[in-house]
Each structure stands twice: as structure tokens, then as C-alpha cells.
Amino acid sequence: MRNLVRIALVTALLLLLGATVAGSPASAAVNLRYNTFERPARGSAYTLANWAQDGWSAPWDLGMSNRTWIDGYNFNHSGGQSLRVFYPKGKIGPEDSGAQAPFTLSPGREYYQSYWVRFSSDFSWGTTEFAGKVGLGLAGGASCSGGQVCDGYNGFSSRMIWRSGGKAAIYYYDMDHSDTYGDFLDLKRADGSLIYYPRGSWVNLVQRLKVNTVTNGNANRDGEIDIWFNGAASGSIRNLRFVRNADVVDKAYFSSFAGGGTTAFAPANDSWIWYDDLKVSTVRADICELAAGGCHTRSFEAEAYNAMQGVTTKTTPDTGGGKAVSFDTGDWIAMQNVTIPKAARYLVEYRVATTGAGSKLSLDINEGATPLGDRALPSTGGLGQYQTVSLEVNLPAGTHQLGLYAAAGGFDLNWCKITQIA
Ligand SMILES: [Ca+2]
Ligand SMILES: [Ca+2]
């Protein structure tokens with residue numbers, strides 16, 4: 001532990017809050033699950049075993065081992081990595097396109113889910129017909145879908161799709177679906193205009209689904225679906241009947257593939273979708289994307305420290321230029337007056353360059369009295385080559401002094417970023 005001579009900010013309140021750091025955020029539901037795709041090695045397939053290692057278990061999958069890839073090179077919404085899913089030219093359905101898996105959830109009548117999605121810059125919506133599935137959905141029981149009649153005993157499903165031109169819609173199977181296939185609702189802005197998925201930029205989707213209640217084997221018309229696009233309400237469906245038995249939401253149904261029942265729906269060129277910051281919870285407060293101002297985030301230039309020991313500042317060749325701070329073992333910097341509005345889970349990103357493997361950066365608050373976590377830094381290929389690495393920590397609400405300490409030196413730090421996960 002450090003021997004500190006830093007400005008005293010510590011109050012009894014902060015100590016008290018700090019003592020809760022090792023547990024879960026007070027507000028987070030026990031059913032909260034998220035995935036930032038930061039743990040697995042970049043450049044590898046994100047297999048079902050990898051999902052399970054990150055807390056997402058499914059009894060089966062299609063495409064995870066051969067059409068997914070952990071992208072640590074091109075695009076991410078958080079940290080340094082994301083999940084990329086491949087939609088090959090000419091292919092439809094989850095056997096040959098994209099990926100699918102029904103991730104098990106603790107049963108709940110009402111669930112929220114959120115994810116960030118990015119379509120490739122020349123993403124193909126289809127050949128002569130246009131539809132496909134996007135991201136996470138919610139389902140329960142036997143997950144009625146795929147042209148089935150939903151009789152109230154074979155479950156339900158509700159997933160996001162694209163339609164012609166990338167038109168965004170929710171596609172759901174309830175007991176009253178009117179078509180051979182499920183019903184859909186196009187997403188709209190407050191002014192009534194249709195929402196289209198953009199190509200080449202990240203957007204956020206949130207779905208809330210509440211299963212109807214059942215009285216004496218009869219489905220009451222009180223099921224609900226709500227959709228938010230980039231935090232704005234964009235679709236609301238009421239008076240839904242999903243079940244007449246005890247089925248509730250028990251799956252986060254990852255469904256990401258082209259089609260459509262014929263190859264007319266297949267992409268005209270190889271296409272990709274990136275995902276990041278998946279989240280599922282029974283509690284709305286866990287979906288910070290829906291909070292006023294969105295998920296809290298702060299960025300710090302390392303050279304803008306308020307206090308330090310041992311470090312030196314240099315010009316950096318990293319993207320954006322400016323200055324970076326060089327750390328030897330035992331050096332530290334501190335950032336004062338870092339206000340965290342809500343006790344929650346946060347992703348901490350470091351922009352670093354290292355002389356080789358073996359460097360380690362430690363994060364703390366309360367003058368080092370409350371360690372938050374260590375991050376072993378990879379070999380980035382030398383001090384001229386930067387990489388973004390991250391760790392997840394629980395932060396208490398309050399105004400903190402953030403300490404960054406070189407448990408093992410030999411690295412330059414350009415900047416640091418903190419983003420609320422849930
Ligand atoms: Ca990420
Ligand atoms: Ca900097």
C-alpha cells in the first residue's frame with residue numbers, strides 16, 4: 001500500500017460509502033446481467049463457453065463459434081472491445097447467417113434489456129426482400145416464434161428486426177398475432193417519423209416486456225412492450241396476451257441473422273453487426289441509458305492530475321496528440337473532485353503504452369485506503385503504441401479523489417475514462 005502525502009478529502013461519510021465497495025451496487029437488482037466484451041482475448045470467436053464464462057448461459061447456440069469475433073481493433077462502444085457478428089452474402093437463417101442463443105434468465109414477469117448496435121458502413125438489408133433480426137430479444141416458456149400459433153401454452157417472443165431500407169421494428173409473438181408470422185411495430189420518433197438504423201454508427205436499443213397476468217387460466221389483456229431508441233420512447237404496445245399458464249420472461253434471446261424465409265432476404269454483400277454493452281435486468285434503474293443524461297461518464301487527461309509522486313510528462317504520439325504521463329514502479333497521480341452521482345458498476349478505461357509485459361496499474365479512492373482494483377497491462381508493442389484496456393469496479397456515490405498507482409511501472413498513460421455500466 002502506498003505511503004501517502006495527499007490532500008485530505010476523507011470524511012466519515014466517504015469511508016462509510018467506501019466500505020460498501022466490495023459488494024454489489026446498492027441499487028442493482030440481483031437479476032442484473034451485462035456484457036462489455038472486455039474480458040475475452042481479442043481476435044477470437046466468442047463461443048458459448050466464452051459467454052458462459054461472462055455469466056451468460058444458454059442450452060444451445062448457432063453461429064457463435066464460427067460467425068462471431070471479439071473486435072479489439074476497429075470498433076467498440078465501451079472499453080477496447082466489442083462483439084462482431086458476420087452476415088455472409090447470400091445466406092439467411094441462424095444456421096448460415098449471424099448467431100443465435102437463448103440465454104437463461106431468472107424467471108420474471110417484467111424485464112428490461114439494453115444493447116448498443118452498429119451496422120457495417122455498407123450493410124446490406126437484403127437482395128430483393130428486406131428483413132433480419134438484430135440483437136437481444138426477450139422470450140419465455142417455449143418461445144413461440146417462427147410462424148407458430150401462440151396458444152398461451154407455448155410461450156412468446158419479442159425481438160428487434162430491420163425492414164426495408166433498415167427500418168427499425170419490434171417483432172413479437174403473442175396470442176393474438178394477426179399474421180401467419182408475428183406482429184411488428186415500426187419504431188417512431190416523438191414527431192411520428194419512422195426510425196431507420198444508421199450504418200456506421202452506434203445506436204442504443206432498450207426493450208421492456210411485461211407478461212400478462214392470468215386469472216383462472218384466462219389471459220388478462222395487460223401484457224406490455226415498450227421500446228426506446230437512443231433513450232427516447234419509440235414504441236409502445238398495450239393490452240397484450242402472451243400466456244394463459246405460469247410462463248414468464250426466462251430468456252434473453254440473442255437473435256442476430258438475415259431473413260426472412262428465402263434467399264431473397266440474404267445480404268447482397270458481406271455484412272457485419274457490432275454489439276456492445278448488453279444489459280438485462282428486472283429493474284429499470286439498472287438501465288442507465290434510460291436515465292436523464294444517460295449513463296454517467298467522465299474522461300481525464302492523465303497530465304491534468306492534481307497531485308502526483310514520481311511521474312514525468314511527455315508529448316504523446318497517440319491519436320489526438322497532447323501529453324501523456326510516464327510511470328515507474330511506485331509512482332502515482334491523483335484526480336480530485338471526481339463526482340460519482342450514483343453507486344453503481346463502472347467501466348474504467350486506461351489509454352496506455354507499455355515497454356513490455358508486466359506493468360500493473362492500481363486504482364483507489366480515499367487516499368489509497370479503498371483499493372478498487374488492479375489492471376495488469378499487456379505489452380502494447382512499445383511506448384509509441386497505445387491500446388485501451390479496462391477494468392470494472394463498483395464506485396460509491398460521492399465526490400472522490402481518484403488515485404492511479406503504478407504497482408509495476410514501465411508505462412505511459414494518456415487518458416482515463418469512467419463510464420457507468422448499470
Ligand atoms: Ca466493450
Ligand atoms: Ca493526455
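When the Gaussian network model of the chain links Cα atoms closer than 10 Å, the mean-square fluctuations of Ala246, Ala58, Ala139 top out at Ala246. Projecting label points 7 angstrom from Cα along Cα→Cβ for Leu194 and Thr329 puts them 6.3 nm apart. In plain terms, the chain from Ala376 to Ala49 could stretch by 115.4 nm, reckoned as 0.36 nm per residue minus the Cα-Cα distance. Lys pairs in the chain, Cα-Cα under 24 Å, at least 8 apart or on separate chains: how many? The number of close lysine pairs in the chain is 25. A crude spin-label estimate for the pair Ala357 and Arg238, with each label 7 Å from Cα along the Cβ direction, gives 6.0 nm. The equivalent ellipsoid of the range 33-282 has semi-axes of 27, 20, 17 Å, largest first, where each one is the square root of 5 times an eigenvalue of the Cα gyration tensor. Around the Cα centre of the range 33-282, unit charges on the Cβ atoms of Lys, Arg, Asp and Glu (plus for the first two, minus for the last two) sum to a dipole of about 280 debye. Once C-alpha pairs closer than 8 Å and six or more residues apart are averaged by separation and normalised to the residue number of the chain, the relative contact order reads 20 percent. Placing +1 on the Cβ of every Lys and Arg and -1 on the Cβ of every Asp and Glu, with no other charges, gives the range 68-133 a dipole of roughly 80 debye about its Cα centre. The ellipsoid that matches the Cα gyration tensor of the chain has semi-axes, each √(5λ) in whole angstrom, of 42, 25, 17, with the longest given first. Only Cα pairs under 8 Å and 6+ residues apart enter the sum, and on that basis the relative contact order of the range 304-353 stands at 37 percent.
Stretched out straight at 0.36 nm per residue, the stretch from Val149 to Thr312 would grow longer than its current Cα-Cα span by 51.9 nm. In the range 33-282, Cα pairs under 8 Å separated by at least six residues give a relative contact order of 30 percent.
Placing a pseudo-label 7 Å from each Cα along the Cα-to-Cβ vector at Tyr181 and Thr319 gives an inter-label distance of 3.7 nm.
Shown for the chain: cysteine residues without a partner Cβ closer than 4.7 Å, namely Cys416.
The numbers here are math on the coordinates, done by the rules we state, and not lab data. In this text, all values refer to a predicted model and were calculated from it rather than measured experimentally. For neighbour counting, all protein chains shown are included, and Cβ atoms are generated from backbone atoms with ideal geometry for every residue, glycine included.
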